[in-house]
Structure formats: structure tokens, C-alpha cells
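Peer 1: Sharing a structure here in C-alpha cells format.
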Amino acid sequence: MRFVSVLAAVLVFPVAIRAADSQPSGPKLPGGQRPNIVLIVADDLGYGDVGFNGCRDIPTPAIDSLAIGGVQFFNGYVSCPVCSPTRAGLMTGRYQQRFGHEFNPGPGRRGQPGDPFGLPLTEVTLADRLKAAGYRTGLVGKWHLGHGEHHPNRRGFEEFFGFLGGAHPYFVERNTGPNAVLRNREPLEKVDYLTDAFTREALAFIDKHRDEPFFLYLAYNAVHSPLQAPPKYLERVRHISDERRRTYAAMLTAMDDGIGAVLSRLREHDLERRTLVIFISDNGGPPGTGASNGPLYGHKGTL
């Protein structure tokens, strides 16, 4: 059972998990089984940069397989054209304006001590709901919903591997500071190419929890700037002459490979028919990165 959308509405999915406040039971498959849930979010992906939306120069076979084998929401929309508010809406199933989270954090709000920015603690998250319903919950990737008391481990996620801010270099030379790549709350000593690292951690989470219901929120920061890709991915898109788009395409190739690996691992564990896989982008592609929004007018940051 697979569902897919590049621009999915927050109103489409959370309906299934907003169970009664007293004893949430979670979503059910026929026969009473609880489906695993893998929610994959791309970052700043252009609407026109996937094959099933007409892209011709960047192969996206894994993402396209979801579209071919699942359901596409052609009239689905995220609830904001920038990163953090979209994620606030997605994690709560509510319009983020209702709780004062309609903007990205501004200059100076970088997770320093005393920074008030974050998803309000009054809000119940998707992970909170599913954890209460008996799911093992994990976030791999970008959070962008606050530091400190807003940390993912305090918002329903039992396991966290990623960074807390809005963007991060893909090649990590010094993993220090408030935006370090963390395992739960501890910075890692060494981090490989970040997209590959996130894929590896996602696979490990699936392996670890394959015998129990799990919710994996896989929030790649690809294809958000900075434009960085290793030679092994650049070589596969060498046919693209524009340097920015070539690097962007290599970053997308790395993410598509990762999604393909996740789908393969679900099949290996015989979980494919018991797992709901959702794919979206948090907003459209911004100008200046080589992204294409295809037939759509405007770009990230515009409605």
C-alpha cells in the first residue's frame, strides 16, 4: 500500500492519525494490522524535477516508482512556500498560522541559549500521536522546528539522527556548534556525505524495528543549498551542461538512490504491503539552484 505526492497536502495524511485524545489507536490495515509509516520529505525540490512530472534530464526512478505504483495527489498542496512553517503544519496537521508559526526563523535565531523559536510546546505532533498508539518513532534528517526544549526527542521522536537548523553543508568538516549533526543529543565525530548518511541511518532504523509498527520521518535536506555533490553522483549526470543544474541533479540522484534503497529494504523484510510510504517536497524549487518548477508560475517563497 503506497501513496505518493510531490506536493501533498497536510490535510490529506494527518486525518488518519488524529485519533481520540484519550486512547489513540493509530491507523489500521484490513484485518487490524497497524501499517508502518515512512514519510519522506525532500527539501526545495522543483515541481518539474521528477520524471512523473515531466522531467527529462534528471532520472528519478525510485521516486517515479512510487508515483506509478501508488496514488498521486494532483491537487495537494503544502501549507506554506518555505521550510519551517510547512514542517510545523505537517507535524501537527494544523495550519501553522493558528499557533504563530507562519514564518521561518529570522536572523539571530540560530538555536543559541534563550532562543524562543520552535514548534510551540502546546502543539501535539504526529510523532506524539503515533508513539502513544504503540509505534516506534524516528526522525532522520532535517528538523527546523527548534532547539532545546523543542528538540525532536522531546516532541515524540524516540530516535533522532540529523541536524536542528534549516540548512547544512553536505560535506561536514567540523561537526560542532548548535547545528551539528547529532545522534539524539550527541554530535558525531565523523559524518560522510550527508544524503548518504541519512539513507544509511534510515535503513538501520527499518532493520531495528522491522518486527514492530514504526514511523520513520525521513527528512532529507537534499536538494537545498549549498550545491554540493561527490564525483560518483556528478559523473552520472555529466550530460547536463549547466554547472548549477548538474550539481543539483547529482544531489537529487543521491536522494533518489536513497529512496530506492529504503524501498528495497522494505521489500527485503517483506514489509512493502504493510508500509505506507508518503513522498512530498516541503515547497517548490528556489531561483538560483538550477531547480525547475516546470509549468508552475513562481518558485519557493511565492504562492
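The values are calculated or read from the model by the stated rules, or taken from the named source; none is laboratory data. The model shown is predicted, which means the values in this text are computed figures rather than measured ones. Reconstructed Cβ throughout: ideal geometry from the backbone, glycine too, with neighbour counts over all protein chains shown. Ligands, DNA and RNA are stripped out before the accessible areas are found, and what is left, the full protein with its side chains, is counted by its heavy atoms. Shrake-Rupley method; radii C 1.70, N 1.55, O 1.52, S 1.80 Å.
Per-residue answers, yes or no, for (1) part of a helix (DSSP H, G or I); (2) touching a His at 6+ places or on another chain (Cβ under 6 Å); (3) in contact (Cβ under 8 Å) with a residue 60 or more places away in the chain:
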| position | (1), (2), (3) |
| --- | --- |
| ALA250 | yes, no, no |
| LEU266 | yes, no, yes |
| ARG273 | yes, no, yes |
| SER292 | no, no, yes |
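Peer 1: Name every residue in region 188-210 that is surrounded by 15 or more Cβ atoms within 10 Å (Cβ to Cβ) and outside any helix (DSSP H, G or I), in order of residue number.
Peer 2: Residues satisfying the conditions are VAL191, TYR193, HIS209, ARG210.
Peer 1: Quick check, is THR275 farther than 19 Å from GLY51 by Cβ and within 19 Å of the chain's Cα centre (by Cα)? Walk me through it before giving the result.
Peer 2: On the way: farther than 19 Å from GLY51 by Cβ: yes; within 19 Å of the chain's Cα centre (by Cα): yes.
It is true that THR275 is farther than 19 Å from GLY51 by Cβ and within 19 Å of the chain's Cα centre (by Cα).
Peer 1: I'm checking my understanding of the structure. Among residues of region 70-93 that are among the small types (Gly, Ala, Ser) and either surrounded by 18 or more Cβ atoms within 10 Å (Cβ to Cβ) or free of Cβ contacts under 8 Å to residues at least 40 places away in the same chain (or both), which one is farthest from GLY166 (Cα to Cα)?
Peer 2: Top of the filtered list is GLY93.
Peer 1: Being crowded, with 16+ Cβ neighbours inside 10 Å and either over 17 Å from the mean Cα position of the chain (by Cα) or part of a strand (DSSP E or B) (or both) is the filter here; which residues of region 159-174 pass it?
Peer 2: If the condition is that a residue be crowded, with 16+ Cβ neighbours inside 10 Å and either over 17 Å from the mean Cα position of the chain (by Cα) or part of a strand (DSSP E or B) (or both), then GLU159, PHE160, PHE161, GLY162, PHE163, VAL172 are the ones that fit.
Peer 1: In addition: I'd like the full set of residues that are out of contact with any Asp or Glu (no Cβ under 7 Å at 6 or more places or on another chain), of a type in the set (S, T, N, Q) and buried (at least 21 other Cβ atoms within 10 Å of the Cβ), limited to region 35-69.
Peer 2: ASN36, ASN53 - these are the residues of region 35-69 that are out of contact with any Asp or Glu (no Cβ under 7 Å at 6 or more places or on another chain), of a type in the set (S, T, N, Q) and buried (at least 21 other Cβ atoms within 10 Å of the Cβ).
Peer 1: To continue, here is another question. From the list ILE240, ILE259, exactly one residue is over 30 Å from PRO30 (Cα atoms) and touching a helix residue (DSSP H, G or I) at 6+ places or on another chain (Cβ under 7 Å). Which is it? Let's see the steps before the verdict.
Peer 2: Numbers: ILE259 fails: over 30 Å from PRO30 (Cα atoms).
Residue meeting the stated conditions: ILE240.
Peer 1: Related question: So, in region 211-220, how many residues would count as being over 10 Å from ARG136 (Cα atoms) and surrounded by 15 or more Cβ atoms within 10 Å (Cβ to Cβ)?
Peer 2: Residues meeting the conditions: 4.
Peer 1: If you check LEU296, LEU227, LEU303, which single one turns out to be open to solvent by 50 Å² or more (accessible area, probe 1.4 Å) and within 14 Å of TYR193 (Cβ to Cβ)?
Peer 2: LEU227
Peer 1: Of everything in region 175-187, what is farther than 19 Å from PHE215 by Cα, outside any loop (DSSP other than H, G, I, E, B) and not hydrophobic (A, V, I, L, M, F, W, C)? Give them in sequence order.
Peer 2: The answer is GLU186, PRO187.
Peer 1: If you don't mind, there's one more thing I want to ask. For region 254-269, state whether one or more residues are touching a Gly at 6+ places or on another chain (Cβ under 9 Å) and crowded, with 16+ Cβ neighbours inside 10 Å.
Peer 2: no
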